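The block underneath contains the structure these notes are about, expressed in structure tokens.
The values are calculated or read from the model by the stated rules, or taken from the named source; none is laboratory data. Everything numeric here is computed off the predicted structure, so don't read it as measured data. So basically every Cβ, Gly included, is an ideal-geometry build from the backbone, and we count neighbours across all protein chains shown.
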């Protein structure tokens, strides 16, 4: 444990998907000391390791999550966003859906001036991550640190969804992450970040194997209040915990923010790096007037349909005696419904004619839920959920501090559906979801659509209710984006160094100039791998 007077070569703020990778790679050199600071607890809770423990973890007030009140856009009422606050970060509380994005996403970053971040480089990093059960392929890896499991085939309702997709022109595929599938479309059984019935987080993949290294210190349950900066050079961090109170910990080489796309820009602003007028309004000395800090917030907004079905659902397995049987199956055999990820089936689709690239990601879960006064509850009848989101939204939100007090949450405006293409795609996506539910192979299972129901019929209905038909996908990114030399508004250079401040980097999904076409956990780990090499090269 870090004690007063300790100093480290590298201080990494946040033990999430990127931070765990950095801790692993930077501590490979025994002459280099690394401190990994995490605001939340260690990943020892049984609910973290049980895949379907997310039903209890993802709740406001749970010590494993940050919770934020967020404006979804326009005059819509605020909603709750949750992000991981534990060793493993969001990879310890997410839905374990393993998706990597499209090659054109990363090539788009390179085209924006982010040299070294194209698919040739990042695709290689993603392959390096993987230990994939489907074996090695041109863009698929084996023997990597991240264990991946394919959801088992055979459930008749899953088969009906896949058959129904084929009836409306979406083929069944073995690997939904295949680069051709990501481009042209296809649905298949979901690859997951689970292993032998347990969650396989970034912490299990990268941190657990190396926690015994004497040059690596992991400090959970510790808040970073701000970055120490002298003469525009990062000198360390100011931390607070119950064991040592508030104190400064020096960094001899670099401070690296890996606290996520909400907390990293928040820390930058609290430390004097951000929009000058905002900082001055809160009495914070401006170190660097960086208007881009907190802007360019990108997020996937999913739309959802739910159905009452005739059988083959898992709703009964999450209620009453069924839940007891599921728990015993998990505890005794590491099997059963509690080992499933958020989706049993997933893939990519083109939601309208004429597209040269799939524009939506689809997921199917063998469950359905309804809201209650205490949150959400599993429906008492067999149910099915099919959801999806437009993969490349252009709407941009922002976040900004509302106080110099680090315990006060930032203001966040997601600004969903402000871009025309996002509204067009929401309608076409919803039409696709409805068409899939009405495909003959699936329609024979369906009793009725329970969400959103027949009252949502026209395009105008979809748009008017778009923020309530679904919700946030927890893929927040872009709030401290990188950019090339010709991009003065970028917060970071392509080496992820904060412009205007020495010895300070950001390494997490904040750095993304645009959002990737899919879940952000695997890309966050790949960003960590790329960043570790950049840091070691500089050293």
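Of all residues in the range 206-220, which are assigned to a helix (DSSP H, G or I) and crowded, with 21+ Cβ neighbours inside 10 Å?
As a first pass, look at the range 206-220 and keep what is assigned to a helix (DSSP H, G or I): 206-210.
Passing the criteria: 206, 207.
Please go through the range 339-358 and pick out each residue that is within 18 Å of residue 385 (Cβ to Cβ) and surrounded by fewer than 22 Cβ atoms within 10 Å (Cβ to Cβ).
342
So how many residues does the range 61-93 have that are touching a helix residue (DSSP H, G or I) at 6+ places or on another chain (Cβ under 6 Å), in a loop (DSSP other than H, G, I, E, B) and under 29 Å from residue 22 (Cα atoms)?
Qualifying residue count for the region: 5.
What residue, among those in the range 116-132 that are in contact (Cβ under 8 Å) with a residue 40 or more places away in the chain and part of a loop (DSSP other than H, G, I, E, B), is surrounded by the fewest Cβ atoms within 10 Å (Cβ to Cβ)?
116
What's the number of the only condition in (1) touching a residue at least 40 places away in the same chain (Cβ under 8 Å); (2) surrounded by fewer than 24 Cβ atoms within 10 Å (Cβ to Cβ); (3) part of a strand (DSSP E or B) that residue 240 fails to meet?
All conditions pass for residue 240, except number (1).
Restricting attention to the range 372-404, and to residues there that are without any contact (Cβ under 8 Å) to a residue 40 or more places away in the chain and touching a helix residue (DSSP H, G or I) at 6+ places or on another chain (Cβ under 9 Å), which single residue is farthest from residue 478 (Cα to Cα)?
376
Just give me the residues in the range 136-175 being over 24 Å from residue 366 (Cβ atoms) and either without any contact (Cβ under 8 Å) to a residue 12 or more places away in the chain or assigned to a loop (DSSP other than H, G, I, E, B) (or both), in sequence order.
Answer for the range 136-175, where residues must be over 24 Å from residue 366 (Cβ atoms) and either without any contact (Cβ under 8 Å) to a residue 12 or more places away in the chain or assigned to a loop (DSSP other than H, G, I, E, B) (or both): 136, 138, 139, 141, 142, 143, 144, 145.
Rundown of residues vs (1) surrounded by fewer than 16 Cβ atoms within 10 Å (Cβ to Cβ); (2) closer than 15 Å to residue 270 by Cα, yes/no style:
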| position | (1), (2) |
| --- | --- |
| 388 | no, no |
| 396 | no, no |
| 402 | yes, yes |
| 406 | no, yes |
| 412 | no, no |
| 417 | no, no |
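Look through 234, 277 and report the one residue that is assigned to a strand (DSSP E or B) and either under 28 Å from residue 520 (Cβ atoms) or without any contact (Cβ under 8 Å) to a residue 24 or more places away in the chain (or both).
234
Just to check your reading of the model, which residue among 425, 455 is surrounded by 15 or more Cβ atoms within 10 Å (Cβ to Cβ) and either at pLDDT 95 or above or at positive phi (or both)?
425
Just name the residue that is nearest to residue 154 (Cα to Cα) out of those in the range 176-197 that are touching a strand residue (DSSP E or B) at 6+ places or on another chain (Cβ under 7 Å) and assigned to a loop (DSSP other than H, G, I, E, B).
The residue in question is 190.
Listed here are the residues, each with its yes/no results for (1) in contact with a helix residue (DSSP H, G or I) (Cβ under 7 Å, 6 or more places away or on another chain); (2) within 24 Å of residue 128 (Cα to Cα); (3) buried (at least 20 other Cβ atoms within 10 Å of the Cβ); (4) in contact (Cβ under 8 Å) with a residue 24 or more places away in the chain.
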{"site": "9", "(1), (2), (3), (4)": "no, no, no, yes"}
{"site": "18", "(1), (2), (3), (4)": "yes, yes, yes, yes"}
{"site": "33", "(1), (2), (3), (4)": "no, no, yes, yes"}
{"site": "36", "(1), (2), (3), (4)": "yes, yes, yes, yes"}
{"site": "48", "(1), (2), (3), (4)": "yes, no, yes, yes"}
{"site": "59", "(1), (2), (3), (4)": "no, no, no, yes"}
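Give the number of residues within the range 514-535 that are surrounded by fewer than 24 Cβ atoms within 10 Å (Cβ to Cβ) and either in contact with a strand residue (DSSP E or B) (Cβ under 9 Å, 6 or more places away or on another chain) or at pLDDT below 95 (or both).
The qualifying residues number 3.
Just a yes or no: is a residue in the range 280-290 under 30 Å from residue 147 (Cα atoms) and out of contact with any helix residue (DSSP H, G or I) (no Cβ under 8 Å at 6 or more places or on another chain)?
No: the range 280-290 contains no residue that is under 30 Å from residue 147 (Cα atoms) and out of contact with any helix residue (DSSP H, G or I) (no Cβ under 8 Å at 6 or more places or on another chain).
Anything in the range 297-315 that is within 30 Å of residue 478 (Cα to Cα) and part of a loop (DSSP other than H, G, I, E, B)? List them, or say none.
The initial filter retains those residues of the range 297-315 that are within 30 Å of residue 478 (Cα to Cα), namely 297-305.
Listed by number, the residues that qualify are 299, 300.
Within the range 430-452, can you find the residues that are exposed (fewer than 12 other Cβ atoms within 10 Å of the Cβ) and more than 22 Å from residue 376 (Cα to Cα)?
Step one: of the range 430-452, the residues exposed (fewer than 12 other Cβ atoms within 10 Å of the Cβ) are 440, 444, 448.
Matches in the range 430-452: 440, 444.
Is there a residue being at pLDDT 95 or above, surrounded by fewer than 22 Cβ atoms within 10 Å (Cβ to Cβ) and in contact with a helix residue (DSSP H, G or I) (Cβ under 7 Å, 6 or more places away or on another chain) anywhere in the range 496-512?
No, that holds for no residue.
Checking the conditions here, which among 295, 280 is under 30 Å from residue 425 (Cα atoms) and surrounded by fewer than 23 Cβ atoms within 10 Å (Cβ to Cβ)?
295
Could you please give the count of residues in the range 471-495 that are buried (at least 21 other Cβ atoms within 10 Å of the Cβ) and modelled with pLDDT under 95?
The number of residues fulfilling the criteria is 0.
Exactly one condition in (1) over 22 Å from residue 524 (Cβ atoms); (2) in a helix (DSSP H, G or I) is false for residue 53; which is it?
The failed condition is (1).
Quick check, is residue 99 outside any loop (DSSP other than H, G, I, E, B) and either at pLDDT 95 or above or under 14 Å from the mean Cα position of the chain (by Cα) (or both)?
no
Matching residues to (1) farther than 26 Å from residue 518 by Cα; (2) assigned to a loop (DSSP other than H, G, I, E, B); (3) touching a residue at least 12 places away in the same chain (Cβ under 8 Å):
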residue: 295; (1), (2), (3): no, yes, yes
residue: 317; (1), (2), (3): yes, no, yes
residue: 323; (1), (2), (3): yes, no, no
residue: 328; (1), (2), (3): yes, no, no
residue: 338; (1), (2), (3): no, no, yes
residue: 342; (1), (2), (3): no, yes, yes
residue: 346; (1), (2), (3): no, no, yes
residue: 354; (1), (2), (3): no, yes, no
residue: 363; (1), (2), (3): no, no, yes
